1. Right, ILE83: surrounded by fewer than 23 Cβ atoms within 10 Å (Cβ to Cβ), modelled with pLDDT of 95 or more and in contact with a Gly (Cβ under 8 Å, 6 or more places away or on another chain) or not?
2. Looking at SER232, SER211, SER238, which is the one that is in contact with a Cys (Cβ under 6 Å, 6 or more places away or on another chain) and either buried (at least 21 other Cβ atoms within 10 Å of the Cβ) or of a type outside the set (A, V, I, L, M, F, W, C) (or both)?
3. Name, by its number, the condition in (1) modelled with pLDDT of 90 or more; (2) farther than 16 Å from TRP171 by Cα; (3) touching a Pro at 6+ places or on another chain (Cβ under 8 Å) that does not hold for VAL299.
4. Which of the residues that make up region 296-332 are out of contact with any Ser or Thr (no Cβ under 8 Å at 6 or more places or on another chain), of a type outside the set (A, V, I, L, M, F, W, C) and under 22 Å from GLU22 (Cβ atoms)?
5. Would you pick out the residues in region 164-173 that are touching a helix residue (DSSP H, G or I) at 6+ places or on another chain (Cβ under 7 Å) and either over 14 Å from ARG194 (Cα atoms) or assigned to a loop (DSSP other than H, G, I, E, B) (or both)?
6. Test THR2 against the stated conditions and say whether it is closer than 21 Å to GLU81 by Cα, hydroxyl-bearing (Ser, Thr, Tyr) and at pLDDT below 95.
7. For the subset of region 1-43 comprising residues that are assigned to a strand (DSSP E or B) and farther than 10 Å from VAL67 by Cα, which member is farthest from the chain's Cα centre (by Cα)?
8. What is the residue count in region 146-166 for residues that are more than 18 Å from ALA202 (Cβ to Cβ) and not aliphatic (A, V, I, L, M)?
Amino acid sequence: MTQISGRYGRHARLAVLTIIDEEFEAVKNDLGANYEVDTTGAWAPISQSVAIAQAEKNVKYVTYPFVVAQASERSNSPANEQIRRLVERFRPEVFVVIGVAGGVQRAERISNDEIRWTGPVPGDIVVANYVHYADYTASLPQGEFLRYYALDHPSAVLITDHARAIRHYPWHETVKLNPPTTSVTPSTTSVTPRVHIGEIVATESIKGNPSSDDQVRIVKLFDKALAIDMESAGVGRSIHDLRCHYHYNPIWICIRAISDSVRAEDPDMDPEIRKLADPGLLENNKLERGQWKEYAAAVAAAYARSLIARLLSSPRPPTPRDPGADRWSFPPD
């Protein structure tokens, strides 16, 4: 059996990982992944019978252009486990993590009686180029200090060659839902989703309390971070750990649409500026997430569809250990 195939001779060129139900349904529907692969809980855009027929015709193992799967739970450990299962079953070339996240916003004074929140807003996209794991720390009498372990960060090639280029195309016109007609934070949302590329922070908890010491610490410590999620460190660690053979070298990309704003009360902020911050804008994280979560999932799915179409638009050339794979394109809507 060639090295690129997974268990039972199955292979997917690309694997999509989602977390919550809204993400999974949006991605599965937008990408047309309507066929379950055996009883794996992973879904593909072609049926098993079609894949087998193609394999027999071309004397190849059974190849799917991509599969869509959902982690069992939120947080980094379940994401790590699902990546391992996908590698075991499909040996994908590329992993695409698609979902929603909190967008980090920071207060900035623009006049004597006005401040603005800067950072990604609900409906925007953040493509991660670096992953911080905020919860791996040492708590010592001298203070709390970050600790580190090895993980794979999102692929610079995928970002440079594809994620950046997509920003210049009308990908947002394919979003299947409309944004909320009203919002608890109307002044911080944009009509057209924007794509930001930058750092992301992975934690083990939802960040929705602006007065929490931990949330204040994270927003201040990771001063360039654009978003906060709960899975990216687990994905990066899993892919790093699974590089066990020179014939298999998977890469990944993380696409997060903003569903809510993560802000923090800054004790070092000028008191006059702090008084200008609307308490409602600091405290309505849960309400905002409820309003924007479904739309944000649709935005992430639309952007990811454009990315996946680019990645699969070229065939994979054969090698002595791999018969290669054909190009694939989405059927017309």
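1. It is false that ILE83 is surrounded by fewer than 23 Cβ atoms within 10 Å (Cβ to Cβ), modelled with pLDDT of 95 or more and in contact with a Gly (Cβ under 8 Å, 6 or more places away or on another chain).
2. One residue alone meets the criteria, SER232.
3. (2)
4. Listed by number, the list holds a single entry, TYR303.
5. Passing the criteria: only TYR169.
6. Spelling it out, it is not the case that THR2 is closer than 21 Å to GLU81 by Cα, hydroxyl-bearing (Ser, Thr, Tyr) and at pLDDT below 95.
7. The selected residue is ARG10.
8. Going through region 146-166 one residue at a time, the tally reaches 4.
The values are calculated or read from the model by the stated rules, or taken from the named source; none is laboratory data. Source: prediction; values computed, not measured. As a convention, Cβ positions derive from the backbone with ideal geometry for all residues, glycine included, and neighbour counts pool all protein chains shown.
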